[in-house]
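**Q** Sharing a structure with you now.
The values are calculated or read from the model by the stated rules, or taken from the named source; none is laboratory data. Here the structure is a predicted model, which means the values were calculated and not measured. Positions of Cβ are generated from backbone atoms using ideal geometry, with glycine treated the same way; all protein chains shown enter the neighbour counts. Ligands, DNA and RNA are excluded from the accessible area calculation, which covers all protein heavy atoms including side chains. Shrake-Rupley method; radii C 1.70, N 1.55, O 1.52, S 1.80 Å.
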Amino acid sequence: MLQENYDLMPWPKEITEKPAKFLVNSDVTISINAEDKKHRVRNAAVSFLRRLSNRTGVFLKEGFPVFNKEGSIIISFDNVAQLNVNNNESYTLEVNDSSIIIKAKTDVGAIRGLATLLQLTKNDTTDYYFPGIYIDDTPRFVWRGLMIDVSRHFQPINVLKRNLDAMASVKMNVFHWHLTDDQGFRIESKIYPKLQEYASDGQYYTHEQIKDVVAYANNLGIRVIPEIDVPGHASALLTAYPELGSKKSFSYAIERNAGVFDPTLDPTNEKTYEFLKNLFTEIAPLFPDDYFHIGGDENEGKHWNENETIQAFKIEHGLETNHDLQTYFNIRLEKILNKLGKKLMGWDEILTPSTPTTSVIHSWRGEHEGLEQSTLIEAAQKGYQAVLSAGYYIDRMLPIEHHYTVDPIADAVLSKEERKRILGAEATMWSELVTPTTIDSRIWPRTAAIAERFWSPKDIKDVGFMKKRLKKVSFNLEELGLTHIKNRDVILRNMTNNQDISSLITLSKICEPLKVYERNKDGIEYKSYSPFVLFADACVVDAEDAEIFNDLTSKFIDQPKKVFDVLYYLKLWANNHNTFSMVDKNPKLNPLKDLSKSLSSASQILFNSLESQALSTTDLNNLKNSLVILEQPHVDIEVVITKSLRLLTKYCETNYLK
């Protein structure tokens, strides 16, 4: 019953209904009964009141928290949080007829409670209200993150801020800022100005902009972890300072394609460590958090192997492999960062026998990379703090069910200390194929469900229950300025030169972008400045009509009397090509013609067959020919109803063929 009545995400640890109903009217006020020194709760309360007023249409008499009197929503907390892994984000929330009480240990816990309260907003025909309820909530993991790569495609400040707002709304608390890679170095350096002059294409964040983002996140109870990726992924950096590279005759340049490239810092050159020490010393104060990510991934060591000086250094220092050499490099960096009060964090390639256990392992490799399981458990058992991203690579465009069913710990048997070392997990948004126009639709709403995996108890894992709530959460995220829903139509209008886009919308609802890097295979189809306003960019994972139709088809196969809703969609698609044909074509639309025509043809034949309970051999052959076309990739998308169309074809062939 509880699960039917509420669309909370993440789902709370404990929730109990009460016979009460708090009406939302113009008299709603918020009072803060605590020393809100950092103003986090005040700012969250103002945002809450604005969203509540906009959501309900109620004209509030007080648009800000009230002081020196008790509000109808009373917030209290004990301490102001210093954002770190020891934060207490728990809270209780009680909704009565005439009052709402939020209590927390910290101000951050209080704003998590406000986020839950807003999600409880309900209405009937006459009123908006909060239902009577008592919630006692606390997160399962202390690290609940989202990584955004701003190197492959630069993301302006407003994009980052709206995503921070969305993160806070679903109780995520770590923004991992991937700032450097082969395609761009995105941090201003006043000590090494060539970095922004030659390594950024003019797209970088100034110190003041970084401080602004960090402060914005802090206000939301979100920590910011910077990543400067070394020693590999260094093409951009070495474009500015080639003397630090491992191949002296190499012509370094910012990469325009995606992939893994050879340029690598020289770990035997003392000037490399002097450079990084000075750079880290300059940058570290911009990020107050204890953790500093140095990347360390995907270094294949080709330029190291080709450098005789580096090979001699390995022999001299007893370093047998390139992994040993990189561990030597990492240990040097850890000492630099320790003096700056930072803990070194790196992708799981840094997990070697000599790596100090004071390092933090970011586990990203799993079955897709040929491992039986992620490196998370191994790292924790060997004494390292660890964070998981394997299973949460949202740029792979996999359905939400895939990510949601990945549990960070799964069934691993851990000691109390080992469990404590597993800090949590991060979703990762690599940006080879996303721009400011499309990034929201690649992160949301799937990341809201992933956030639940990081916050809620392990037994909250029913996919159907999650999907039911995710629809509401996705819609509400638009209040924060996210463009994950509306920008589909922006892209389609661009494709048609502002003609009727209804036929393209219909197609987009059954098409999804190619998955797991099949789009831009080998990283050479697209460059960083290629157009990303194509049909594939308008399509999203978990295409809405496809999900419904696939479910209806399964039910029909089990119970053939349930044919009416299947016929509705077949008729919709059968007629769609006529609408598509009326749009003036251009080179962006032409590749969709065969898809549209084949969909309408297959749908019309199936509609006629199911309705008349008859199927001719000619129609069957035409149907199968259309399905062959639909099963092929088109303009970097796949039609995700083809299995259902095949099932219906088989059903009609078995039962109706004359």
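**Q** Of V541, V533, which has the most accessible area and how do the rest follow, probe 1.4 Å?
**A** From most accessible down to least: V533, V541.
**Q** Once the whole set of protein chains is in place, how much accessible area is left on F261, using a 1.4 Å probe, in Å² to the nearest 10?
**A** Here the accessible area works out near 50 Å².
**Q** Okay, next question. Which of the pairs K335/K416; K555/K643; K420/K467; K562/K643; K211/K343; K509/K597 have their Cα atoms more than 22 Å apart in this structure?
**A** Result: K335/K416; K420/K467 exceed 22 Å.
**Q** Past 27 Å, Cα to Cα, is the threshold; run K277/K314; K314/K521; K21/K461; K194/K314 against it and keep the listed order.
**A** Table pairs above 27 Å Cα-Cα are K314/K521; K21/K461; K194/K314.
**Q** Considering only protein heavy atoms, with the full assembly of protein chains and a 1.4 angstrom probe, order D500, D182 by accessible area, largest first.
**A** Most to least solvent-accessible, the answer reads D500, D182.
**Q** Give the carbon-plus-sulfur fraction of the accessible surface of the chain in %, rounded to a whole number; probe 1.4 Å, heavy atoms of protein chains only.
**A** Exposed carbon and sulfur together represent 50 percent of the surface.
**Q** K69 to N655: FRET efficiency via 1/(1 + (r/R0)^6), r the Cβ-Cβ distance, R0 56 Å, to the nearest 0.05?
**A** 0.15
**Q** Could I ask something else about it? Averaged per residue, what accessible area in Å² does segment 556-652 show with a 1.4 Å probe, protein chains only?
**A** 51 Å²
**Q** So, one more: Against the globular-protein guess of 2.2 N^0.38 Å, express the Cα radius of gyration of segment 1-81 as a ratio, rounded to two decimals.
**A** Relative to the 2.2 N^0.38 Å estimate, segment 1-81 comes out at 1.24.
**Q** Using a Cα-Cα cut-off of under 17 Å, which lysines could be cross-linked to K658, ignoring same-chain neighbours fewer than 8 residues away?
**A** Straight-line reach from K658, under 17 Å: K624, K650.
**Q** Rounded to the nearest 0.05, what FRET efficiency do L2 and E631 give with R0 = 45 Å and r taken as the Cβ-Cβ distance? Could you check?
**A** 0.60
**Q** Further question on the same structure: So what is the accessible area of segment 332-442 per residue, in Å², with the probe set to 1.4 Å?
**A** 39 Å²
**Q** Can I ask one more? Residues of segment 32-145: accessible area per residue at 1.4 Å, in Å²?
**A** 44 Å²
**Q** Still on this structure, please answer the following. Translational diffusion coefficient of segment 14-144 at 20 °C, 1.002 mPa s, Stokes-Einstein with Kirkwood Rh over Cα pairs, in µm²/s as a whole number.
**A** The estimated diffusion coefficient comes to 144 µm²/s.
**Q** While we're on this one: Which order, highest average first, do 151-164, 570-583 follow once you tally other Cβ atoms within 10 Å for each residue and take the mean per peptide?
**A** Listed from highest to lowest mean packing, they are 151-164, 570-583.
**Q** Does segment 116-183 come out rounded, prolate or oblate by the C-alpha gyration tensor, with a ≥ b ≥ c the root eigenvalues, rounded set by a/c under 1.5 and, if not, prolate when a/b is larger than b/c and oblate if not?
**A** oblate
**Q** With just the Cα atoms defining each centre, how far is segment 293-344 from segment 209-229? Give it in Å.
**A** Here the answer is 28 Å between Cα centres.
**Q** For segment 462-614, build the convex hull from the C-alpha positions and give me its volume per residue in Å³.
**A** Enclosed volume per residue, from the Cα hull, is 160 Å³.
**Q** Hey, another quick one. With Kirkwood's inverse mean 1/r over C-alpha pairs for Rh, give me the Rg to Rh ratio of segment 253-353, two decimals please.
**A** 0.97
**Q** Where nothing but the Cβ of Lys and Arg (+1) and of Asp and Glu (-1) is charged, how large is the charge dipole of segment 496-559 around its Cα centre, in debye to the nearest 20?
**A** The calculation lands at about 240 debye.
**Q** Whenever you get a sec, line up D594, D411 from highest to lowest accessible area (probe 1.4 Å, protein heavy atoms).
**A** D411, D594
**Q** Distance between Cα centroids, segment 138-158 to segment 482-502: provide it in whole Å.
**A** 26 Å
**Q** Segment 383-506: Rg/Rh from Cα coordinates, Kirkwood Rh?
**A** 1.07
**Q** With every protein chain present, what accessible area does K624 have (1.4 Å probe, heavy atoms only), rounded to the nearest 10 Å²?
**A** Its heavy atoms expose roughly 70 Å² to the probe.
**Q** Roughly how many debye, to the nearest 20, is the charge dipole of the chain about its Cα centre, given +1 on each Lys and Arg Cβ, -1 on each Asp and Glu Cβ, and no other charges?
**A** 1300 debye
**Q** Specify which labelled value, from [x] 82, 69, 50; [y] 91, 67, 49; [z] 112, 85, 41, agrees with Cα extents along the principal axes in Å derived from the coordinates of the model shown.
**A** Given [x] 82, 69, 50; [y] 91, 67, 49; [z] 112, 85, 41, the structure-derived one carries the label [x].
**Q** Counting residues in segment 315-441 as N, plug N into 2.2 N^0.38 Å and put the Cα Rg over that result.
**A** Dividing the Cα Rg of segment 315-441 by 2.2 N^0.38 Å gives 1.19.
**Q** Whole number please: convex hull volume per residue of the Cα set in segment 131-254, in Å³?
**A** With only Cα atoms used, segment 131-254 gives 114 Å³ per residue.
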